[in-house]
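Heads up, the thing below is written out as structure tokens.
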Amino acid sequence: MTDETQEKGAAEAPERANAPDMARPLILGRKLGMLQHFKADGSVVAATVIAAEPNVVTYVRTRERDGYAAVQLGFGRVRDGEITKAERGHLKDVPAVRHLREVRLESTDGFAPGQVVSVERFAPGDKVHVTGMSKGKGFQGPVHLHHFHTGPRSHGSDHYRRQGSVGSGTTPGRLLKGLRMAAHQGSDRVTVKNLEILKADADRAVLVIAGAVPGARNGIVMVRKA
């Protein structure tokens, strides 16, 4: 998994200035997978490895011009030929990136396009919130989605995994909003809070975080200090 932490062309990128400090530092990364991490006391914990190459500031929003303060971060270096002309025009002189995320801040003083945010802002022992898109599981029935009890298996029953009565024949004679029924599951924005950073390797741009984080392998996640 160590080979996946370096994006194509990242070594050829010119040196850029670091972005100003944030009250709650954050960084975009890519989930590589999970492994066992052995602590100094010999205990072992499940951990997630996140490749977090330096993020580049691609755009700065101000209250005067945009009505709110925010910075746009780019992650995932690519060649110029892999983005559209519209994306190239938006990025201007900033290196081409595949993923963009906008983060609101109290103040954007000192921020400018081209600055970078790196793993060095994190240290072992820090508590972080990790946000990502959960795995999509398609359209699921109520037994799988809401853990409803199943119906009888015998005596000719055809309601083993069905919804059952929903009350539409009684007052008020319609289905109320929010009724738990079969629906799409997954592909939601999920945040797991207060996870511990076990290792922050700035040389290889890698974070090792205790526990599981949302999403599948190679999913984009945002790591932010609690």
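Here, each number is a calculation from the coordinates, and none is a lab measurement. All of these numbers come straight from a predicted model, not from anything done at the bench. Note that each Cβ is placed from the backbone with ideal geometry, even for glycine, and that neighbours are counted across all protein chains shown.
Structure data summary
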{"quantity": "Charge tally in the Cβ shell below 12 Å around residue 166, where Lys, Arg are +1 and Asp, Glu are -1, residue 166 excluded", "calculated": "+3"}
{"quantity": "Cα-based reach from residue 177 at 25 Å (exclusive), listing lysines while leaving out same-chain residues under 8 positions away", "calculated": "137"}
{"quantity": "For the chain, the longest site-free run once chymotrypsin sites (Phe, Trp or Tyr not before Pro) in DSSP loop states with at most 14 other Cβ atoms within 10 Å are removed", "calculated": "69-159"}
{"quantity": "Cα gyration tensor of the chain - equivalent ellipsoid semi-axes, whole Å, descending", "calculated": "41, 24, 17"}
{"quantity": "Per-residue HN-Hα couplings for segment 191-207 [Karplus 6.51, -1.76, 1.60; θ = phi - 60°; Hz; x = Gly/Pro]", "calculated": "10, 9, 9, 6, 8, 9, 7, 8, 7, 10, 9, 5, 5, 9, 6, 10, 10"}
{"quantity": "³J(HN,Hα), Karplus 6.51/-1.76/1.60, whole Hz, each residue of segment 118-123, x for Gly, Pro", "calculated": "10, 5, 4, 6, 10, 9"}
{"quantity": "Among 171, 90, 46 the positive-end extreme of the charge dipole of the chain (Cβ point charges)", "calculated": "171"}
{"quantity": "Inter-label distance, nm, simple model (7 Å from Cα along the C-beta direction), residue 65/residue 193", "calculated": "3.4"}
{"quantity": "Other-chain or far-sequence residues with amide H under 5 Å of residue 163's (modelled H)", "calculated": "none"}
{"quantity": "Karplus-derived HN-Hα couplings along segment 149-166 (A = 6.51, B = -1.76, C = 1.60, θ = phi - 60°), whole Hz, x at Gly and Pro", "calculated": "6, 7, x, x, 8, 10, 6, x, 5, 10, 10, 5, 10, 9, 5, x, 5, 10"}
{"quantity": "Helix-derived mean residue ellipticity, 222 nm - over the chain, DSSP H n ≥ 4, -39500 (n - 2.57), to 500", "calculated": "-1500 deg cm²/dmol"}
{"quantity": "Percentage relative contact order, the chain, counting C-alpha pairs under 8 Å, at least six apart", "calculated": "29"}
{"quantity": "Modelled FRET efficiency - R0 30 Å, residue 181 with residue 212, Cβ distances, 0.05 increments", "calculated": "0.60"}
{"quantity": "Partners for residue 199 among lysines (Cα-Cα distance below 22 Å; same-chain residues under 8 apart left out)", "calculated": "31, 39, 127, 225"}
{"quantity": "Computed Kirkwood radius, in angstrom, where 1/r is averaged over Cα pairs of segment 78-205", "calculated": "20.8"}
{"quantity": "Centroid-to-centroid separation of segment 139-164 and segment 46-75 [C-alpha atoms, Å]", "calculated": "45"}
{"quantity": "Relative contact order (percent, whole number), segment 74-134, Cα cutoff 8 Å, 6+ residue spacing", "calculated": "32"}
